[in-house]
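The block underneath contains the structure these notes are about, expressed in structure tokens.
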Amino acid sequence: MRSVIQRVSEASVTIDGVKKAAIGWGLLILVGIEDADTVEDIDWLCRKISQLRVFNDEQGIMNKSVMDIGGELLVVSQFTLHASTKKGNRPSYIRASKPEQAIPMYERFVQHLREVSGLPVHTGEFGADMKVALLNDGPVTIVMDAKQKE
């Protein structure tokens, strides 16, 4: 399971011209799922993301988590995070899980993030053509891969 986490001042997801979800200050989390992902990967990633200290404290040092600031979370599925660009110029997505496996893992990720963080978690729509808008704050962008825990 791979994710790109962005600290945002605001972010939203629009599908077919209709805004599905929007958040203010918090984290936009893009999540890619592969067949080798496990429930343990979900737990590790959700705990890391919810405790990631990327928000400034009173001294201007990134020392607070999204839970500490009472921020908001927006999760968007992104199979392209598992793109392989080793051969040719067209990315291969062979490592990305097919919907029948990815959807239950994505839903489990969202639910577990709610439980671990205690915060509302907004989402896009798995498999939809989504327009994601964000105002990256910092900018702060972190890439995490559950297969590279060390």
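The numbers here are math on the coordinates, done by the rules we state, and not lab data. On a predicted model such as this, the values are computed, not experimentally measured, just so you know. Neighbour counts are summed over all protein chains in view; Cβ atoms, including those assigned to glycine, are modelled from backbone coordinates with ideal geometry.
Among DSSP bridges having both ends in the chain, what percentage is antiparallel? Round to the nearest 5. Percentage antiparallel, nearest 5: 75.
Mean residue ellipticity, 222 nm, helices only, the chain: the sum of -39500 (n - 2.57) across DSSP H runs of n ≥ 4, divided by residue count and rounded to 500, is -7500 deg cm²/dmol. With the convex hull of its Cα atoms as the shape, the chain has an orientation-averaged projected area of 9.5 nm². Across segment 1-47, the relative contact order, built from alpha-carbon pairs under 8 Å that are at least six residues apart, equals 42 percent. A cut-off of 5 Å between modelled amide H atoms, ignoring neighbours fewer than 5 places along the same chain, links Val75 with Ile29, His122, Thr123, Gly124.
Take the Cα of Lys19, step 7 Å toward its Cβ, do the same at Gln59, and the gap between the two points is 3.8 nm. Test of understanding: in a Gaussian network model of the chain with alpha carbons linked when under 10 Å, which of Thr38, Thr85, Thr123 would top the mean-square fluctuation ranking? For the chain, modelled as a Gaussian network with Cα springs under 10 Å, the answer is Thr85. For segment 93-104, the Karplus equation 6.51 cos²θ - 1.76 cosθ + 1.60, evaluated at θ = phi - 60°, returns couplings of 10, 4, 7, 6, 5, 6, x, 4, 9, 5, 4, x Hz by residue, with Gly and Pro reported as x.
Once backbone amide H atoms are built at 1.01 Å from N, Ser97 has Ile33, Glu34, Asp35 as its partners under 5 Å, excluding neighbours fewer than 5 places away on the same chain. Would you mind getting me the FRET efficiency between Arg114 and Gln148? Use the beta-carbon distance for r and R0 = 41 Å, nearest 0.05. The calculated FRET efficiency here is 0.95. For Arg47, Arg2, the sequence from fewest to most other C-beta atoms within 10 Å is Arg47, Arg2.
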